[in-house]
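The values are calculated or read from the model by the stated rules, or taken from the named source; none is laboratory data. What you are looking at is a predicted structure, and each value in this text was computed from that prediction instead of being measured. All Cβ positions, even for glycine, are placed from backbone atoms using ideal geometry, and neighbour counts span all protein chains on display. Note: accessible area is taken over every heavy atom of the protein model, side chains too, but ligands, DNA and RNA are not part of it. Shrake-Rupley method; radii C 1.70, N 1.55, O 1.52, S 1.80 Å.
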Amino acid sequence: MKGAPIDQKWNVPATEESPLEGGFRAEFEVTTERGGPRYGELIEEVRTFMDKVRYASPTPELADEIIDDLKLFNAKLDTLLVDEWHTPSGTRVDLPSRGNITLPPYEVIDGGEDGVTASVEFRRFHLGGNGVAHGGHVAVVFDDLGGMAATLHVHGIARTAYLTVNYRSLTPLETPLTMRTWAERREGRKIFVKGTLHDGDRLCADMEALFIQLRPGQA
Ligand SMILES: CCCCCCCC(=O)SCCNC(=O)CCNC(=O)[C@H](O)C(C)(C)COP(=O)(O)OP(=O)(O)OC[C@H]1O[C@@H](n2cnc3c(N)ncnc32)[C@H](O)[C@@H]1OP(=O)(O)O
């Protein structure tokens with residue numbers, strides 16, 4: 001298991017008739033083929049590049065060179081852009097964070113109705129200051145894995161209404177951390193979710209969130 005539990009509801013082939021829920025498709029095709037066998041490696045190289053950009057102080061000449069190279073890469077990708085339902089970034093459940101380049105990399109260890117446990121590693125790119133993670137990046141992972149816990153709990157799409165993070169101690173970079181998220185209780189469409197982030201036994205942060213299960217067809 002890497003980016004999501006693969007045996008859950010979303011592992012259903014999409015059809016033209018698949019209902020839309022809040023702009024999400026309730027059912028969409030999950031394939032580990034899209035992007036090819038080296039897609040994870042591609043994402044990893046881009047992450048490494050972002051890590052280096054965060055800390056590099058390039059000469060003007062090197063900046064010129066890299067800009068030219070990046071323009072070539074962007075032009076190559078321009079020829080292959082697809083909609084969000086057909087991009088591997090976000091649906092490659094065999095990859096960390098489902099192959100979603102915008103999320104800090106996590107690997108789901110266990111996930112189901114009772115909650116989600118994942119190993120998360122903030123990269124150098126996620127630096128806030130003083131060598132530790134930016135609080136916003138911590139909140140992003142809580143939102144994604146909290147949303148996953150809500151979704152698995154109700155077997156339906158849920159959207160964040162609010163999310164409160166308490167930063168209890170510093171969150172290190174380049175260290176495997178454990179995040180747990182679970183639905184504490186449910187009142188109709190309201191799913192109250194809690195979460196923790198630990199570095200070993202040390203609590204780095206915890207969160208409380210409300211997710212609302214979307215009605216069929218809700219935009
Ligand atoms: C597996 C991958 C997971 C990825 C997860 C990623 C999750 C995300 O980031 S989603 C993006 C961020 N969130 C958003 O953009 C949400 C924007 N807001 C909305 O779309 C809507 O306000 C939405 C859907 C949350 C609620 O609207 P709607 O469905 O009409 O519900 P509504 O009837 O207003 O409220 C339902 C109940 O929730 C309560 N409620 C709604 N919002 C809040 C809130 N912010 N605080 C407290 N209570 C709230 C209402 O009071 C109501 O309670 P009750 O039934 O007891 O009267």
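A few remarks follow.
- Lys/Arg +1, Asp/Glu -1 at C-beta; the chain dipole; positive extreme among 133, 106, 161: 161
- Applying a length cut-off of 20 Å (Cα extent along the axis) and a mean Kyte-Doolittle floor of 0.5 to the DSSP H helices of the chain leaves 135-154.
- Protein accessible area in segment 65-201, 1.4 Å probe - carbon and sulfur %: 52 percent
- Here the chain is treated with +1 on each Lys and Arg Cβ and -1 on each Asp and Glu Cβ, and its dipole about the Cα centre works out to around 660 debye.
- Computed over the chain, the P(r) tail beyond 27 angstrom holds 38 percent of alpha carbon pairs.
- Heavy atoms of residue 157 accessible to a 1.4 Å probe, total area in Å² rounded to 10: 30 Å²
- Accessible area (Å², per residue) of the chain, counting only protein heavy atoms and a probe of 1.4 Å: 56 Å²
- Computed over segment 65-148, the convex hull of the alpha-carbon atoms projects to a mean area of 7.6 nm².
- Kirkwood Rh and Cα Rg combined as Rg/Rh, segment 103-213: 0.97
- Mean residue ellipticity at 222 nm, helices only, the chain: -8500 deg cm²/dmol; runs of at least 4 DSSP H residues each add -39,500 (n - 2.57), and the sum is divided by the number of residues.
- For residue 173, nonlocal amide neighbours, meaning residues 5 or more places apart or on other chains whose placed amide H falls under 5 Å from its own, are 133.
- Only Lys, Arg (+1) and Asp, Glu (-1) charged, at Cβ; segment 25-94 dipole about Cα centre in debye: 140 debye
- Probe 1.4 Å - accessible area at residue 170, Å² to nearest ten: 120 Å²
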